[in-house]
Amino acid sequence: MNELIKANINVMKYLGERKNHPAFALPNSVPDPYYQQGSHPDVVERIWDQLGASLPKDCRCLVYGVPALVHPKSGIIFALSRGTNYFLRLSEKIIDEAIKSGAETHIKWVG
């Protein structure tokens, strides 16, 4: 994969502090990709096992050691986990449709 893809530049800069990890790696390149990768394992499960399971091809990847979904042909990162959050790259059309259907674009803390 090419880390210089224009669509990924800001994500790669954001993750750049993790340069001790390869830019792109397969999940099986580490002993337990759900733990020790800077994300809560429930969040990794959400993007890899729930969102990723709906895709026609396996898109799971570690980007600088961070669990992500990466398009297998274009190399564009479209989902990324970080801590207890995950981030999705969506088209404006899909965002508009999701908001009209009740989706929210902010974190709501309860408790």
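Taken together, the values in this text are just the output of simple stated rules run on the coordinates, not laboratory data. Note that this is a predicted model, so its numbers are computed, not measured. For neighbour counting, all protein chains shown are included, and Cβ atoms are generated from backbone atoms with ideal geometry for every residue, glycine included.
Look through 91, 74 and report the one residue that is closer than 24 Å to residue 6 by Cα, hydroxyl-bearing (Ser, Thr, Tyr) and loosely packed, with under 10 Cβ neighbours inside 10 Å.
When all the criteria are applied, what remains is 91.
Give me the residue from the range 10-67 that is of a type in the set (Phe, Trp, Tyr) and part of a loop (DSSP other than H, G, I, E, B) and, out of that set, nearest to residue 80 (Cα to Cα).
If we take residues in the range 10-67 being of a type in the set (Phe, Trp, Tyr) and part of a loop (DSSP other than H, G, I, E, B), then 64 is nearest to residue 80 (Cα to Cα).
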Among the residues of the range 12-23, is there at least one that is of a type in the set (Gly, Ala, Ser), in contact (Cβ under 8 Å) with a residue 24 or more places away in the chain and within 28 Å of residue 109 (Cα to Cα)?
-> no
